[in-house]
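What follows is a set of notes on a single structure, which appears directly below.
The values are calculated or read from the model by the stated rules, or taken from the named source; none is laboratory data. Nothing here was measured: the structure is a model prediction, and the numbers come from that model. Here the Cβ is made from the backbone with ideal geometry for all residues, glycine too, and neighbour counts use every protein chain on show.
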Amino acid sequence: MARVWWVGLVVLGVGGASLGQVRIEQMPGQGPLDGVEIHGVAAGAFDEGIWQAGTLHFVPDARSPLIAPRLAGVFRNIYAPSAVDVPDGWRVFYGAWDGVHTPNDRIYSLFTADFIDLGARRTEIEHGEFTHVCNVNALRQINGTFRMICTTYPDAHGGNKPACFVSPDGERWNGSPAPHAASRKDWITIDGYPGFEHADINGMNVLLHDPEDLRADSAADGKADAYRLFFCDFKAGGHVYQALSADCCEFRYVGPCLDSRHFINDVRKFTHAGKPCYLMALHANTGALWYALSSEGMQFGSEQRMAEPLGGDDRYMVAVGWVTKGQHLLGFLYGAGPISALTRNQIFARWLQKKLVFTDANGKVTETTKALGPDRQILILGREAAEGTLEVFAEDGTTALCKPIPVKLTPQGIYRLVVPARR
């Protein structure tokens, strides 16, 4: 039988809506030797307010990195993660050298049901006619179709160009079974973008399927522009640009949507308080990540700093991608490495979670500093039973969700936090 502690107080959530009772219950299982594992801490539905305020409680995954390159081949350098929400979990696409025998970037994927256990890896796109195919940004549409925008190198001028790969089921790409060999036939076009032939669009291409808001902004032929392409250009730095398309192959240039010298890597659309909100993620191959918000996706507000390195292993942050499940933003994956050459990268994770603070009977305060996937935290308390109170805060890290809960935590125990949904 689960052991349950109740708090019978009606409390307020981040948005001010009332909540019911918060409780923590013990579950069967084996936690860490020197503490406890607590489930049920994932972020709730997307709340634009905490992003505007910059009050975000991200917890690093205990596995650092979350995904390391395979060891079979001697070229080991992976980054550019793109996590796609699928019905039974996530399909995580990523690029570069995943333990291969030649230094040619390729696109890979793996499946995970929960970001606890990670499935087998598969090569999706071979470099084919190119030296490199990398920097993937992928999506899955309601009908099950996958689309990916990737960087290919080189073009005729020694630069990089985006290519689009489409699959009705995630098994065949542009008509051929995985791994598809990339070719110039996979390139997209951006009509109206000055100097597209000489543009260098490397690692800065993002695809968003957004049919609802774009139907009124149709091309001259009357087709709905259901796809947005966000991109940067090394030959025209200082801006993030946008183009629209009805087919994800032929885009028409719209113009700048953000003034920034940082590089765009992902954009997701959410609904908050009945209104759309677009969230952009950016990096600069340095020691920081940023985000920006927009109410309509055409112009974004000022960037805000989101994250910095945890140590030497992720000193250079070279890519970032959101992890979502429906209207929940659960965290982000990022590629990073220890050297400025940017050739020793791995994939790390940080999760947007509720904040837990344990205070023992002697007044010693312990906070959780490590996560295990998007919905679990590890609280290090030693190998003895710990009695005291547990405070629970929302994912802004400051809003209390209940009065402190009296608890006695069993060493190596597994617990579940139950927080009623906001209304």
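Yes or no, residue by residue, for (1) closer than 22 Å to Ala319 by Cβ; (2) not aliphatic (A, V, I, L, M):
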position	(1), (2)
Thr102	yes, yes
Leu118	yes, no
Thr131	yes, yes
Asn135	yes, yes
Gln141	no, yes
Phe146	yes, yes
Phe165	yes, yes
Asp169	no, yes
Asn174	no, yes
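Specify the residue that is surrounded by the most Cβ atoms within 10 Å (Cβ to Cβ); the eligible residues are those in segment 167-184 that are in contact with an Asp or Glu (Cβ under 9 Å, 6 or more places away or on another chain) and free of Cβ contacts under 8 Å to residues at least 24 places away in the same chain.
Ser167
Filter segment 376-389 down to residues that are charged (D, E, K, R) and in a strand (DSSP E or B) and give me whichever is surrounded by the most Cβ atoms within 10 Å (Cβ to Cβ).
Arg376
Can you tell me which residue is surrounded by the most Cβ atoms within 10 Å (Cβ to Cβ) among those in segment 103-135 that are of a type in the set (Ser, Thr, Tyr) and under 16 Å from the mean Cα position of the chain (by Cα)? Spell out how you get there, then give the answer.
First pass over segment 103-135, keeping only residues of a type in the set (Ser, Thr, Tyr): 108-109, 112, 123, 131.
Those left that are additionally under 16 Å from the mean Cα position of the chain (by Cα): 109, 112.
Numbers: Ser109: 23, Thr112: 19.
The residue in question is Ser109.
Just the residues that are more than 22 Å from Gly321 (Cβ to Cβ) and modelled with pLDDT under 95, please, taken from segment 250-274.
Ala273, Gly274
Taking only pairs six or more apart or across chains, which ones have beta-carbon atoms under 8 Å, a first residue in segment 59-76 that is within 30 Å of Val357 (Cα to Cα), and a second residue that is charged (D, E, K, R) and in a strand (DSSP E or B)?
Close Cβ pairs (under 8 Å, with a partner that is charged (D, E, K, R) and in a strand (DSSP E or B)) amount to Val59/Arg350; Val59/Lys370; Pro60/Arg350; Pro60/Lys370; Asp61/Arg350; Asp61/Lys370; Ala62/Lys370.
Going through segment 293-330 one residue at a time, which ones are touching a Leu at 6+ places or on another chain (Cβ under 7 Å) and either aromatic (Phe, Trp, Tyr) or assigned to a loop (DSSP other than H, G, I, E, B) (or both)? Break it down into steps so the answer makes sense when it comes.
Applying the first criterion (touching a Leu at 6+ places or on another chain (Cβ under 7 Å)) to segment 293-330 yields 293, 300-301, 303, 306-307, 316-318, 320-324, 329-330.
Correct list: Phe300, Gly301, Glu303, Tyr316, Trp322.
For Leu279, which of the numbered conditions (1) surrounded by 16 or more Cβ atoms within 10 Å (Cβ to Cβ); (2) at positive phi fails to hold?
Condition (2) is where Leu279 drops out.
Does at least one position in segment 361-375 carry a residue that is of a type in the set (S, T, N, Q), outside any loop (DSSP other than H, G, I, E, B) and not assigned by TED's automatic domain parsing to the domain that holds Tyr241?
Yes: one or more hits.
For residues that are closer than 22 Å to Arg121 by Cα, of a type in the set (Gly, Ala, Ser) and more than 23 Å from the chain's Cα centre (by Cα), tally how many sit in segment 137-193.
The qualifying residues number 5.
With respect to Asp155, determine if the residue is in a loop (DSSP other than H, G, I, E, B) and under 22 Å from Ala243 (Cα atoms).
When the stated conditions are applied, Asp155 passes them.
Looking at segment 319-328, which of its residues are surrounded by fewer than 24 Cβ atoms within 10 Å (Cβ to Cβ) and not charged (D, E, K, R)?
Matches in segment 319-328: Trp322, Thr324, Gly326, Gln327, His328.
Just to check your reading of the model, which residue among Glu250, Glu197, Glu212 is within 27 Å of Ala292 (Cα to Cα) and over 25 Å from the mean Cα position of the chain (by Cα)?
Glu250
May I ask you to verify whether Arg423 is outside the structural domain of Gln30 (by TED's automatic domain parsing) and modelled with pLDDT under 95?
Working: outside the structural domain of Gln30 (by TED's automatic domain parsing): yes; modelled with pLDDT under 95: yes.
For Arg423, the condition - outside the structural domain of Gln30 (by TED's automatic domain parsing) and modelled with pLDDT under 95 - is met.
Residues of segment 335-352 being touching a Gly at 6+ places or on another chain (Cβ under 7 Å) and part of a strand (DSSP E or B), which ones?
Gln346, Ile347, Ala349, Arg350, Trp351, Leu352
Filter segment 390-400 for residues that are surrounded by 15 or more Cβ atoms within 10 Å (Cβ to Cβ) and either among the β-branched types (Val, Ile, Thr) or part of a loop (DSSP other than H, G, I, E, B) (or both) and give the result.
Val392, Ala394, Glu395, Asp396, Gly397, Thr399
One residue is enough: does segment 404-422 have a residue meeting the conditions aromatic (Phe, Trp, Tyr), buried (at least 22 other Cβ atoms within 10 Å of the Cβ), under 30 Å from Leu118 (Cα atoms) and touching an Asp or Glu at 6+ places or on another chain (Cβ under 6 Å)?
Scanning segment 404-422 turns up no residue that is aromatic (Phe, Trp, Tyr), buried (at least 22 other Cβ atoms within 10 Å of the Cβ), under 30 Å from Leu118 (Cα atoms) and touching an Asp or Glu at 6+ places or on another chain (Cβ under 6 Å).
So which residues in segment 136-156 are of a type in the set (A, V, I, L, M) and crowded, with 18+ Cβ neighbours inside 10 Å?
Selection gives Val136, Ala138, Leu139, Met148, Ile149.
Quick one: Ser82 ticks every box in (1) out of contact with any Gly (no Cβ under 7 Å at 6 or more places or on another chain); (2) of a type in the set (Ser, Thr, Tyr); (3) modelled with pLDDT of 95 or more bar one, so which box is it?
(1)
If you check Cys164 against the conditions, is it in a loop (DSSP other than H, G, I, E, B), buried (at least 18 other Cβ atoms within 10 Å of the Cβ) and of a type in the set (A, V, I, L, M, F, W, C)?
Judged against the criteria, Cys164 is not a match.
Quick one: how many residues across segment 401-417 are closer than 21 Å to Phe46 by Cβ and in a strand (DSSP E or B)?
Keep residues of segment 401-417 that are closer than 21 Å to Phe46 by Cβ, which gives 401, 417.
When the remaining residues are screened for being in a strand (DSSP E or B), the result is 417.
Residues that pass the stated criteria total 1.
Need the failing condition index for Ile347 against (1) outside the structural domain of Pro69 (by TED's automatic domain parsing); (2) in contact (Cβ under 8 Å) with a residue 40 or more places away in the chain; (3) among the hydrophobic types (A, V, I, L, M, F, W, C), just the number.
(1)
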